[in-house]
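First the structure, in the form of structure tokens, and then the observations on it.
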Amino acid sequence: MTNHDPPSEHMPDVLIGPLLRRVANDRLVLWLVASRPLTLSLSLWPVSSGSEQHHKLDVLQCRCLAVGRYAYIHLIDVSLDTPLPCDERIAYDVTIEGEEGSQRGIADWAPHLCHDGAALPGFVITSRLSSVLHGSCRRPHHPVGDGLARADAWLNERWQDPGARPSWLLMTGDQVYVDDVAGPMLSAIHALIARLGLFDETLEGAMLESSQALYDSPQGYYRRECLLPDIESSEALRERFFGGVRKPVFTSASAHNHLITFAEVMAMYLLVWSPVPWRLIAAMRPALSEEHEARYAEEAAAVDAFVETLPQVARLLANQPTLMIFDDHDVTDDWNLTAAWEQTAYEHPFSRRIIGNALLAYALCQGWGNDPDRLREPIDAIAVLLADGASDGWLSPQGQDAAIRQLMRFQGWEYEVASSPKLVVLDTRTRRWRSERRRHRPSGLMDWEALTELQQALLDERAVVIVSPAPMFGVKLIEGVQKLFALAGKPLLVDAENWMAHRGAASVMLNIFQHSRTPGNYVILSGDVHYSFVYDIRIRDRRQGPRLWQITSSGVKNTFPDTLLDWFDRLNRWLYAPRSPLNWFTQRRDMRIRPRTPDRAKAGERLWNGSGIGYVRFDAQGRPLEIMELGADGRDVRFPESRQD
């Protein structure tokens, strides 16, 4: 396979986007990928004034970074001299300027991005944090519907009503599954790499010397664990990246197609957010064993269904301001789970490169749009690397390693939005509280310094919405099982990643909620676990204490094994009912936790297992008025407030 195939005469200008990212009345951030550097203009039409704002985007407002011969990321960041109004629809257009002054707008080059009856895409800047859509865990080949497509259908019914539009779509982790890739998706990734000429790279410490050798290898599908060098550390590396570590308590991971190169991860992003790249390729089925042939055929049906709804997904992302944060599958399963994991992963050049490539792509495709100012220095370093690659189509190995080292040292993935209530999005992956003495014990999800910074961000706020990818208050029975496996030195078997797994981190987090100067109302939005639930939480014996709500929506396109979840749900209700004495043996003994029952529960289930997207509407004090799960199957679930004492 070569990745320098010439494009056809009909290569579209825009491959993906625009994606609406962070918006405010004085600043707009958008992201798109094109097949060539584009000269762009941004036009805005507030409904109330009817007057157009026109911005011809210069190099300061639109930064163009090549990731391949025919793939250019456009980072659009526009400061507005005339502020936009709040709480009304603002139509917008991104115009491509061609030769001899020709201009083509979104209605010409991407009509599928416009809502039914709308001439252009549009958005609303809300004056307060009125409502949000939120969810995590979007696995393309999981055989269920896509929650993002459901969110688009829901928004399509409300696009003319500014008051019904959510302030944000919050993607709370596992937006892509770098470590769990279907064979047909990997085949499409390789076809797109060739079509767009995405940059090649050398592979230090691997059995194959380059990305091209990887793409051509007969072991490149379902057998990538065989490509690791044959040294003593290989067994540990295989377990962490390619071994499909079996997890008998919860699920079975499949990492034999784990993405490796920067080009593979970039191609994945293009293929999960836009229908356009799929129209450019004809993926060839690789030579496979009989066993893998059957698996490939089964996965192909699921991937085909996923691709069918991508026009709706692209429309959602073009009309709804969106914020994101990583969880482990955006990089690799169990990322930074323990101090021992980190030592094994980062000391080997090949595994360090695998993690680093995913982090490079995350910075460009997700991280930058959350807070461009915080990401300025990392993006500058990546830009130097990409400029060097544009000269001959190969990334400099020294430059790539240098950019990866800088990203791994970077402390700034978390961010805030100064809304009412304040929105605080946490990094629970890279600033962990490591158990140095017992290096195989799970690390705390945030270290003492990061938690101290969180407390400072909360001081004197009346209310706050916190995004924590992993639930701060999870299912006690499942956390107990995870603890038993962690004590046995096997945290990898059960994804022992929860806030209560590390005593120090849990203690500091719980103390923050009881601080006299921190908010009276906390809403915690989470994902990660592949099921959904809602808890109302109070501090025992404190009438004026803070109120907390743990709202978990997972997954967007993923589910938990039904029978297993039913058993966990029943046992948890029996053993950890609100008045159960077993609660006094948990770290949350000072908290009174009351689960809500979904209105579609058949037998009192508290845990809802279904693909979809969460919706929360807030009152003026930042308290949830309405909590729903918009089902990917079109059937919605409400979580009404419990009536029990």
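The values are calculated or read from the model by the stated rules, or taken from the named source; none is laboratory data. Since the model is a prediction, treat every value here as computed from it, not as a measurement. So basically every Cβ, Gly included, is an ideal-geometry build from the backbone, and we count neighbours across all protein chains shown. These area figures cover heavy atoms from the full protein model, side chains too; ligands, DNA and RNA do not enter into them. Shrake-Rupley method; radii C 1.70, N 1.55, O 1.52, S 1.80 Å.
Does Ala283 satisfy the condition of being of a type outside the set (D, E, K, R), open to solvent by 10 Å² or more (accessible area, probe 1.4 Å) and either touching a residue at least 40 places away in the same chain (Cβ under 8 Å) or under 26 Å from His530 (Cα atoms) (or both)? It would help to see each step written out before you state the result.
Details: of a type outside the set (D, E, K, R): yes; open to solvent by 10 Å² or more (accessible area, probe 1.4 Å): yes; either touching a residue at least 40 places away in the same chain (Cβ under 8 Å) or under 26 Å from His530 (Cα atoms) (or both): yes.
Criteria met by Ala283.
Count of the range 544-599 residues, restricted to those that are surrounded by 17 or more Cβ atoms within 10 Å (Cβ to Cβ), modelled with pLDDT of 90 or more and in a loop (DSSP other than H, G, I, E, B), is 8.
In summary, Arg69 fulfils each of the numbered conditions (1) within 23 Å of the chain's Cα centre (by Cα); (2) under 22 Å from Val265 (Cβ atoms) with the single exception of condition (1). Within the range 512-543, the residues that satisfy the criterion of being assigned to a loop (DSSP other than H, G, I, E, B) and open to solvent by less than 50 Å² (accessible area, probe 1.4 Å) are Thr518, Pro519, Gly520, Gly527, Asp528, Val529, His530, Tyr531.
Among the residues of the range 379-395, are any farther than 28 Å from Leu270 by Cβ and out of contact with any Pro (no Cβ under 8 Å at 6 or more places or on another chain)?
Here is the first cut: in the range 379-395, the ones farther than 28 Å from Leu270 by Cβ are none.
Within the range 379-395, not a single residue is farther than 28 Å from Leu270 by Cβ and out of contact with any Pro (no Cβ under 8 Å at 6 or more places or on another chain).
When restricted to residues that are open to solvent by 60 Å² or more (accessible area, probe 1.4 Å) and hydrophobic (A, V, I, L, M, F, W, C), the range 295-311 contains 1. Confirm whether Ala119 is open to solvent by 50 Å² or more (accessible area, probe 1.4 Å), without any contact (Cβ under 8 Å) to a residue 60 or more places away in the chain and part of a loop (DSSP other than H, G, I, E, B). Considered against the rule, which asks whether it is open to solvent by 50 Å² or more (accessible area, probe 1.4 Å), without any contact (Cβ under 8 Å) to a residue 60 or more places away in the chain and part of a loop (DSSP other than H, G, I, E, B), Ala119 comes out as yes.
Residue-by-condition table, conditions (1) out of contact with any helix residue (DSSP H, G or I) (no Cβ under 6 Å at 6 or more places or on another chain); (2) modelled with pLDDT of 95 or more; (3) open to solvent by 30 Å² or more (accessible area, probe 1.4 Å); (4) not in a loop (DSSP other than H, G, I, E, B):
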position: Leu84; (1), (2), (3), (4): yes, yes, no, no
position: Ala91; (1), (2), (3), (4): yes, yes, no, yes
position: Thr95; (1), (2), (3), (4): yes, yes, no, yes
position: Asp108; (1), (2), (3), (4): yes, yes, yes, yes
position: His112; (1), (2), (3), (4): no, yes, yes, yes
position: Arg128; (1), (2), (3), (4): yes, yes, yes, no
position: Val132; (1), (2), (3), (4): yes, yes, no, yes
position: Pro143; (1), (2), (3), (4): no, yes, yes, no
position: Leu155; (1), (2), (3), (4): yes, yes, no, yes
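Of the numbered criteria (1) out of contact with any Pro (no Cβ under 9 Å at 6 or more places or on another chain); (2) open to solvent by less than 10 Å² (accessible area, probe 1.4 Å); (3) assigned to a loop (DSSP other than H, G, I, E, B), the one Arg429 fails is (1). When residues in the range 600-645 are screened for being among the small types (Gly, Ala, Ser), in a strand (DSSP E or B) and surrounded by fewer than 19 Cβ atoms within 10 Å (Cβ to Cβ), 0 of them pass. Against the numbered list (1) of a type in the set (Gly, Ala, Ser); (2) closer than 19 Å to Cys137 by Cα; (3) touching a His at 6+ places or on another chain (Cβ under 6 Å), Ala340 comes up short only at (2).
Residue check: Ala314 meets all listed conditions (1) surrounded by fewer than 18 Cβ atoms within 10 Å (Cβ to Cβ); (2) of a type in the set (Gly, Ala, Ser); (3) under 30 Å from Ser419 (Cβ atoms) but one, namely (1).
Looking at Leu75, Leu80, which is the one that is over 30 Å from Gly389 (Cβ atoms), open to solvent by less than 20 Å² (accessible area, probe 1.4 Å) and touching a strand residue (DSSP E or B) at 6+ places or on another chain (Cβ under 8 Å)? Leu80 is the lone residue from the list that is over 30 Å from Gly389 (Cβ atoms), open to solvent by less than 20 Å² (accessible area, probe 1.4 Å) and touching a strand residue (DSSP E or B) at 6+ places or on another chain (Cβ under 8 Å). Among the residues of the range 600-614, write down those that are at pLDDT below 90 and either touching a Ser or Thr at 6+ places or on another chain (Cβ under 8 Å) or among the small types (Gly, Ala, Ser) (or both). Within the range 600-614, Ala603, Gly604 meet the criteria. Restricting the range 295-324 to residues that are of a type in the set (A, V, I, L, M) and not in a helix (DSSP H, G or I) leaves a set whose member that is farthest from Gln160 (Cα to Cα) is Met324.
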